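My questions will all concern the structure given below.
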Amino acid sequence: MRLLIMGAPGAGKGTQATAIAEHYCVPAISTGDMFRTNIKNGTELGKKVKAIMDAGDLVPDELTDQVVVDRLNQDDAANGFLLDGYPRNMHQVEALDAYLKEHGRQLDAVISLDVDPELLTQRLLKRAEIEGRTDDNEETIRNRMSVYSSQTEPLLEHYRSVGIFVPVDGVGEIDEVRQRIFAALDSKN
């Protein structure tokens, strides 16, 4: 199964991604995690993206596309994957579609976790306290919400128009939201 999980920052994508990937026996691929690992390890890529992420901006498309394609080319993604944090704009949608078409594949579903933006801001501030994440302060969070709204939400309409959009209420206990996701995906296939 080839899946995307989408939602504004703090909607619970990362929390849900691992369980969804395990349920469908595919790897969970998070661009944010890949970038944070590079930052932690002090790689050249990590140095480039740290300043960008600290400002609340998105990593440039070409760099992100390259990182994702390299990951999708690994053996464990041959039979499916769950992408978290990619694509974020139409350029990335087109890059992913071109990659999939070139390999004779297509997406099965795009999960969208719907959560009120004010609730998300509070979630992210709490996460910043717990995890000590420098990219989660109120100004940065509000910028990320604005960037998400202007650049990423239009993708939801695209995926709705091609018939693979799966909206899910992202408010509630983790297991409750997870069961909604499984039910929505299972009814689609």
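List every residue whose amide H lies under 5 Å from the amide H of Leu58, counting only residues 5 or more places away in sequence or on a different chain, with H placed 1.01 Å from N in the peptide plane.
Placed amide hydrogens put nothing under 5 Å from Leu58.
Expressed as cubic angstrom per residue, what is the convex hull volume of the alpha carbon set of the range 9-123?
Convex hull of Cα atoms, per residue: 122 Å³.
Take the alpha-carbon positions of the range 62-167, form their convex hull, and give its projected area averaged over all directions (one quarter of the hull surface) in nm².
Averaging across all directions leaves 7.8 nm² for the Cα convex hull.
Additional query: HN-Hα J couplings of the range 173-186 from phi, Karplus 6.51/-1.76/1.60, θ = phi - 60°, integer Hz, Gly and Pro as x?
Going residue by residue, I get 5, 3, 5, 5, 5, 4, 5, 4, 4, 4, 4, 5, 5, 5 Hz, with x marking Gly and Pro.
Have a look at Pro60, Pro117, Pro167 and tell me which one the Gaussian network model of the chain (Cα, springs below 10 Å) gives the largest fluctuation.
The residue with the greatest mean-square fluctuation here is Pro60.
Whose amide H sits under 5 Å from the amide H of Ser112, counting only residues 5 or more places off or on another chain, with H placed in the peptide plane?
Met6, Val166, Val168
Could you order the peptides 105-113, 1-9 from most to least packed, using the average number of other C-beta atoms within 10 Å per residue?
Result, highest mean Cβ count within 10 Å first: 1-9, 105-113.
Given a 1.4 Å probe and heavy atoms of the protein chains only, how would you sort Ile29, Ile130, largest accessible area at the top?
Ile130, Ile29
With springs only between Cα atoms under 10 Å apart, run a GNM on the chain and tell me which of Ala77, Ala17, Ala28 wobbles the most.
Greatest mean-square fluctuation among the candidates belongs to Ala77.
What's the FRET efficiency of Leu63 with Glu176 using the Cβ-Cβ distance as r and R₀ = 35 Å, to the nearest 0.05?
Plugging the Cβ-Cβ distance into 1/(1 + (r/R0)^6) gives 0.45.
If you roll a 1.4 Å probe over the range 1-47 with all protein chains in place, what percent of the accessible area is carbon or sulfur?
That fraction is 50 percent.
Return the distance in nm (one decimal) between the two label points of a simple spin-label model at His91 and Thr134, each offset 7 Å from Cα along Cα→Cβ.
Rounded to a tenth, the inter-label distance reads 2.5 nm.
Using amide H atoms built 1.01 Å from N in the peptide plane, name the residues 5+ places from Arg2, or on other chains, whose amide H lies under 5 Å from its own.
For Arg2, whose amide H was placed from the backbone, the distant partners under 5 Å are Phe81, Asp108, Ala109.
Can you give the convex hull volume of the alpha carbon atoms of the range 135-189 per residue, in Å³?
101 Å³
A further question on this structure: Determine ³J(HN,Hα), in whole Hz, for all residues of the range 63-70 in sequence, where each value follows from phi through the Karplus function 6.51 cos²θ - 1.76 cosθ + 1.60 and θ = phi - 60°; x replaces Gly and Pro.
5, 5, 4, 4, 4, 5, 4, 4
Ordered by residue, what ³J(HN,Hα) values in Hz, to whole numbers, does the range 73-86 give under the Karplus form 6.51 cos²θ - 1.76 cosθ + 1.60, where θ = phi - 60° and Gly and Pro are x?
Per residue, the Karplus-derived 3J(HN,Hα) values read 7, 6, 3, 5, 9, 4, 9, x, 6, 10, 8, 10, x, 8 Hz.
Can you return the lysines within cross-link range of Lys40? Criterion is Cα-Cα under 20 Å, with same-chain partners fewer than 8 residues away left out.
Once the sequence-local lysines are set aside, what remains near Lys40 is Lys48, Lys50.
The values are calculated or read from the model by the stated rules, or taken from the named source; none is laboratory data. These numbers come from a predicted model, not from an experiment. Here Cβ is always computed from backbone atoms with ideal geometry, including for glycine, and neighbour counts include all displayed protein chains. Quick note on the areas: whole protein, heavy atoms, side chains included, nothing else; ligands and nucleic acids left out. Shrake-Rupley method; radii C 1.70, N 1.55, O 1.52, S 1.80 Å.
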